[in-house]
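The values are calculated or read from the model by the stated rules, or taken from the named source; none is laboratory data. This is a predicted model, so every value here is computed, not measured. Here the Cβ is made from the backbone with ideal geometry for all residues, glycine too, and neighbour counts use every protein chain on show. All accessible areas refer to the heavy atoms of the entire protein, side chains included, with ligands and DNA or RNA removed. Shrake-Rupley method; radii C 1.70, N 1.55, O 1.52, S 1.80 Å.
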Amino acid sequence: MALAHKLLTYTRGRDLIFHAYGIVPQGVMRALAKLGAVARSADVYKCLIKVLLANDKAVAKLMHHVPRIEDETIRGLAMLPPGMTTKSTLDLFRSGRVPGQALGYFCWTLRRLEQLAGAEVIAQILQAPVPLVEMRRVVLAMAFPEAPWPGTTELKPLRSESALYEAAAMFNNCLTGSRVRSDAVLKVLSGRCYFYLWEGEERALLRFEPLGTVGWYLEEIRGVQNRSLSPKTSAEIASTLTESAILAPVSSEDWVLSTGEPYWDFD
């Protein structure tokens with residue numbers, strides 16, 4: 001403790017940094033001065049040192065020219081994948097088209113999309129007025145994973161964003177809202193749910209969710225404008241679902257204990 005007190009009280013900042021890292025990264029003192037007199041959180045300083053230790057010229061130039069360095073900028077720069085701290089990437093931040101705190105997420109997703117969809121898609125995103133919005137649109141338009149069960153002539157999986165959009169319009173339900181529909185599409189893409197359309201005499205929209213590797217249970221089933229279904233239609237759907245070994249033929253609303261608590265309420 002005595003040594004720490006002595007170092008922190010009497011030692012110059014440059015010497016403290018050298019004592020801790022064995023090197024004084026170029027531009028570190030100027031960057032620290034731009035942080036201001038009020039102390040930032042510990043992780044901000046760690047991220048700053050990480051960025052400067054990378055000895056990246058584009059980042060060093062950015063640090064030199066900005067009048068003040070915000071916490072989200074430092075964290076964003078620290079999260080950039082290797083090789084992504086190029087002038088074109090940092091220009092997105094400087095122009096305000098991508099906020100500093102989103103740089104890491106944006107660049108990582110950009111790199112993955114380039115591997116999956118090619119350079120043309122990346123150029124399309126970078127040229128968009130709001131790149132993050134365009135990136136989200138590209139992700140939402142990706143192909144859905146394989147449906148848990150191929151279905152029947154009456155019970156059909158919705159295999160794309162456009163199919164889900166058409167179903168939302170047909171049923172005039174909450175999925176017509178862009179935010180709700182986007183969240184639903186992301187859940188499908190992430191394997192957290194799958195939608196099926198029942199095209200019997202009374203149409204219905206079914207949402208299944210996975211129960212680990214056991215199978216898929218019916219989390220929600222509704223008719224037009226979220227109406228409940230008739231007993232006849234419910235029985236027809238349940239009968240059809242018995243043909244599948246992986247889809248449960250009953251809904252989560254039926255899976256309740258005598259106490260009224262659902263079987264699979266993991267919360």
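A cut-off of 5 Å between modelled amide H atoms, ignoring neighbours fewer than 5 places along the same chain, links A54 with no other residue. Taking the helices alone, the chain has a mean residue ellipticity at 222 nm of -14500 deg cm²/dmol, built from -39,500 (n - 2.57) per DSSP H run of at least 4 residues and averaged over all its residues.
Based on the Cβ-Cβ distance of A54 and W108, what FRET efficiency does E = 1/(1 + (r/R0)^6) give at R0 = 22 Å, to the nearest 0.05? Please list the in-between numbers first.
Working: r = 16 Å, r/R0 = 0.73.
Step by step, r from the Cβ atoms, then E = 0.85.
Report, by chain and number, residues whose modeled amide H sits under 5 Å from the one on R222, excluding near sequence neighbours (fewer than 5 apart, same chain). Here L205 satisfy the definition.
Hey, what's the Cα Rg ratio for segment 87-131 versus the globular rule of thumb, 2.2 N^0.38 Å?
1.08
Globularity index of segment 44-187 is 1.34 (Cα radius of gyration / 2.2 N^0.38 Å, N = number of residues). Principal-axis analysis of the Cα atoms of the chain puts helix 42-53 at an angle of about 70° to the longest axis. Treating r as the C-beta distance of I23 and V66 and R0 as 35 Å, the FRET efficiency rounds to 0.90. Excluding the site residues themselves, the longest part of the chain lacking any chymotrypsin sites (Phe, Trp or Tyr not before Pro) in a DSSP loop with at most 15 other Cβ atoms within 10 Å is 1-254. If you split all Cα-Cα distances of the chain into 10 Å bins from zero, what percentages do you get per bin, shortest first? Spelled out per bin, shortest first, that is 6, 22, 21, 16, 15, 12, 7, 2, 0. Pop the C-beta distance of A238 and A117 into the FRET formula with R0 = 45 Å and round what comes out to the nearest 0.05. Step by step, r from the Cβ atoms, then E = 0.65. In segment 123-213, carbon and sulfur make up what percent of the accessible area (probe 1.4 Å)? C and S fraction of accessible area: 52 percent.
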